[in-house]
Amino acid sequence: MGLITGLLGLPLAPVRGTMWVAEQVLQAAEEEYYDPGKIRDQLAEVDRLRNAGEIDEDEAVAREDELIERLLEGQARRGER
């Protein structure tokens, strides 16, 4: 990067830094959201709630469907990388 380009781009440095931080936060959130281990733990929790009678069968099935969709989406995303 040349001196002039560096000086002209200097005012944009905070914006670039903020964008980088936002991208890192998004990536970490997505990794946690699609983490297969966490999804399996949540599926086990749904099963526990169902067995304890705290949620009915329809609610359990709806939560399981959502979690399975996340699991499949996470697998697809890891395949893309």
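Just so it is clear, none of the values below were taken in a lab; they were calculated from the coordinates. Given the structure is predicted, the values throughout are model-derived calculations rather than measurements. Glycine also receives a Cβ, built like all others from the backbone with ideal geometry; neighbour counts cover every protein chain displayed.
Quick rundown of the values:
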read-out: Karplus (6.51, -1.76, 1.60) ³J(HN,Hα), θ = phi - 60°, over the range 28-40, in Hz, Gly and Pro reported as x; value: 5, 5, 5, 4, 5, 4, 9, 5, x, x, 5, 5, 4
read-out: MRE, 222 nm, helices only [DSSP H, n ≥ 4, -39500 (n - 2.57), over the chain, to nearest 500]; value: -28500 deg cm²/dmol
read-out: Amide H partners (placed H, <5 Å) of I55, local residues excluded; value: R50
read-out: Whole-Hz ³J(HN,Hα) from phi, Karplus 6.51 cos²θ - 1.76 cosθ + 1.60, for the range 13-24, glycine and proline x; value: 4, x, 5, 4, x, 5, 5, 4, 4, 4, 5, 5
read-out: Stretch gain in nm, segment L8-E45, where the contour uses 0.36 nm per residue and the Cα spacing is subtracted; value: 7.9 nm
read-out: Unit Cα scatterers, Debye sum, the range 13-80: log10 I(q)/I(0) for q = 0.12, 0.13, 0.17, 0.18 Å⁻¹; value: -0.45, -0.50, -0.69, -0.73
read-out: Dipole magnitude (debye, nearest 20) for the chain, charges at Cβ of Lys, Arg, Asp, Glu; value: 800
read-out: For the chain, built as a Gaussian network whose Cα springs stay under 10 Å, the top-fluctuating residue of I55, I68, I39; value: I55
